[in-house]
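The block underneath contains the structure these notes are about, expressed in structure tokens.
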Amino acid sequence: MNHDKAYSRKNKVLLIYTGGTIGMGRNPMTGALEPLNFEHLIENLPEFAYLQTDIDTYQFTPPIDSSDMSLRRWAQLVRIITDNYNKYDGFVILHGTDTMAYTASALSFMLENLTKPVILTGSQLPIGQLRTDGKENLVTSIELASIKDEEGHAMVPEVCIYFNGRLLRGNRCTKQNADGFDAFNSFNYPHLCDAGVEFSFNKHYILKRDFTKPMIPHFAMDPNVVVFSLFPGIQQNIVRHVLEAPELRGIVLRSFGSGNAPQKPWLQQLLKEATRRGVTVVNISQCVAGSVKMGRYEASYQLKEAGIVTGYDSTVESAVAKLMFLQGHYTDCNVIRTLMNRNLCGEITK
Ligand code: ASP
């Protein structure tokens, strides 16, 4: 496809800087990387002036390491996007890589019927360093956030992560590499676009939106969830303490392979009691690729019997965000369980 037409009018993108390695510099006292303000980033990016797109910026004060991302800050991002929704063609969020997949997942649920691109990106090396991956990631994300299709609609009307030449669905992403430039992958879903010399869009896999509907922002998230990984030798007393925490409303249970668990009566009993108390237990696999199929083996049949819901091929990040989102909106655990089973915005394959 020829995008020249799409650029004939200057598109507008809002660039939101939350922090992360991309804008960091070394603290001369400690030697550790710490977030610097947006001016530092722009000074190191002369290419900014040559972009074909009009860019306005918004920065978190102070910018943060994404390890400090929080539900309040997710709501802040939703507020910024909502308040500016009609003024821009798309949004780019500069974000640390460590929790980027959580934020992308959360935003995909919080921005219902999103019809514009919201692209998260960042880098493994700060923008001031010679071999930085930040420039390409940022410049390409801005281009992707402003590209339109033949009908003038956003080409990618969904929350995505762009990194190292790949545009990925946000709620399918996992950080896979702490050092390499290929920080992210979506093991259970194809890339939405590969950015080589030209953009190669996988149109078939991009969400189909109703562009006549308004975007509905959601702000409420309930953090009373836990991620709980099974392993051989897991101890009853420790599991009991976790499952009996009074505030607990949701558990992301990371099981073995296609959804299996040790066949211990006490484990089944504790899980059954938790589901009976109204806790939603979602079964996802510890494998990065593939899907849970409860009942395929005897070792997962018992989980089904205990009232556990399948998380299909969900990432852990997406399952956590979806539980927080549903718990923030519904009190009835049956509604939460039903909706956990439903594909809300491309997060699971059913
Ligand atoms: N610790 C950094 C962060 O997540 C890592 C990064 O940006 O790559 O903010």
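The values are calculated or read from the model by the stated rules, or taken from the named source; none is laboratory data. For clarity, every value in this text was computed on a predicted model and none was experimentally measured. Every residue, glycine as well, gets a Cβ built from its backbone with ideal geometry; the counts of neighbours run over all protein chains shown. Areas reflect the complete protein model, heavy atoms only, side chains present, ligands, DNA and RNA absent. Shrake-Rupley method; radii C 1.70, N 1.55, O 1.52, S 1.80 Å.
Those residues that are within 16 Å of the ligand (Cβ to nearest atom) and either surrounded by 24 or more Cβ atoms within 10 Å (Cβ to Cβ) or assigned to a strand (DSSP E or B) (or both), I need them from segment 85-101; list them, please.
Within segment 85-101, Val92, Ile93, Leu94, His95, Gly96, Met100, Ala101 qualify.
Take the conditions within 11 Å of the ligand (Cβ to nearest atom) and not in a helix (DSSP H, G or I) and apply them to Asp56. Does it pass?
No, not satisfied.
For segment 41-63, enumerate the residues that are in contact (Cβ under 8 Å) with a residue 40 or more places away in the chain, within 13 Å of Gly134 (Cα to Cα), open to solvent by 40 Å² or more (accessible area, probe 1.4 Å) and not charged (D, E, K, R).
Answer for segment 41-63, where residues must be in contact (Cβ under 8 Å) with a residue 40 or more places away in the chain, within 13 Å of Gly134 (Cα to Cα), open to solvent by 40 Å² or more (accessible area, probe 1.4 Å) and not charged (D, E, K, R): just Asn44.
Could you list all residues from segment 155-175 that are open to solvent by less than 10 Å² (accessible area, probe 1.4 Å) and of a type in the set (S, T, N, Q)?
Matches in segment 155-175: Asn171 only.
With Ala306, Ala274 as the choices, which residue is modelled with pLDDT of 95 or more and either crowded, with 18+ Cβ neighbours inside 10 Å or closer than 18 Å to Lys350 by Cβ (or both)? Outline the logic, then answer.
Numbers: Ala306 fails: modelled with pLDDT of 95 or more.
Just a single option satisfies the conditions, and that option is Ala274.
Between Ala32, Ala75, Ala104, which is on the phi < 0 side of the Ramachandran plot, free of Cβ contacts under 8 Å to residues at least 24 places away in the same chain and either within 16 Å of the ligand (Cβ to nearest atom) or out of contact with any helix residue (DSSP H, G or I) (no Cβ under 7 Å at 6 or more places or on another chain) (or both)? I'd like the intermediate steps shown before the answer.
Values: Ala75 fails: free of Cβ contacts under 8 Å to residues at least 24 places away in the same chain; Ala104 fails: free of Cβ contacts under 8 Å to residues at least 24 places away in the same chain.
Step by step, each of Ala32, Ala75, Ala104 is checked, and only Ala32 is on the phi < 0 side of the Ramachandran plot, free of Cβ contacts under 8 Å to residues at least 24 places away in the same chain and either within 16 Å of the ligand (Cβ to nearest atom) or out of contact with any helix residue (DSSP H, G or I) (no Cβ under 7 Å at 6 or more places or on another chain) (or both).
Can you list the strands (runs of 3 or more DSSP E) lying wholly within segment 194-303 that have 1 or more residues being hydroxyl-bearing (Ser, Thr, Tyr) and within 20 Å of Asn334 (Cβ to Cβ)?
Once the strands (runs of 3 or more DSSP E) in segment 194-303 are filtered for at least 1 residues that are hydroxyl-bearing (Ser, Thr, Tyr) and within 20 Å of Asn334 (Cβ to Cβ), what remains is 280-285.
Before we move on, is Ser66 of a type in the set (Ser, Thr, Tyr), crowded, with 18+ Cβ neighbours inside 10 Å and away from the ligand (no atom under 15 Å from the Cβ)?
No, not satisfied.
Which of the numbered conditions does Ile142 fail, given that it passes all the others? Conditions: (1) under 19 Å from Leu45 (Cα atoms); (2) within 16 Å of the ligand (Cβ to nearest atom); (3) open to solvent by less than 40 Å² (accessible area, probe 1.4 Å); (4) in contact with a strand residue (DSSP E or B) (Cβ under 8 Å, 6 or more places away or on another chain).
Every condition holds for Ile142 apart from (2).
Checking Gly128 against (1) closer than 25 Å to Thr315 by Cα; (2) small (Gly, Ala, Ser); (3) within 16 Å of the ligand (Cβ to nearest atom), which single condition isn't satisfied?
(1)
Could you tell me which residue of segment 304-350 is farthest from Ser70 (Cα to Cα), considering only residues that are of a type in the set (Ser, Thr, Tyr) and assigned to a loop (DSSP other than H, G, I, E, B)? Spell out the reasoning first.
Of the residues in segment 304-350, the ones of a type in the set (Ser, Thr, Tyr) are 310, 312, 314-315, 318, 330-331, 338, 349.
Those left that are additionally assigned to a loop (DSSP other than H, G, I, E, B): 312, 314-315, 330-331, 349.
Details: Tyr312: 26, Ser314: 21, Thr315: 19, Tyr330: 21, Thr331: 22, Thr349: 28 Å.
Step by step, filter segment 304-350, then rank; the result is Thr349.
Among the residues of segment 169-193, write down those that are within 16 Å of the ligand (Cβ to nearest atom), part of a strand (DSSP E or B) and under 18 Å from Ala145 (Cβ atoms).
Phe184, the sole residue that qualifies.
If Thr82 satisfies all but one of (1) assigned to a loop (DSSP other than H, G, I, E, B); (2) of a type in the set (Ser, Thr, Tyr); (3) more than 16 Å from the ligand (Cβ to nearest atom), what's the number of the condition it fails?
Every listed condition holds for Thr82 apart from (1).
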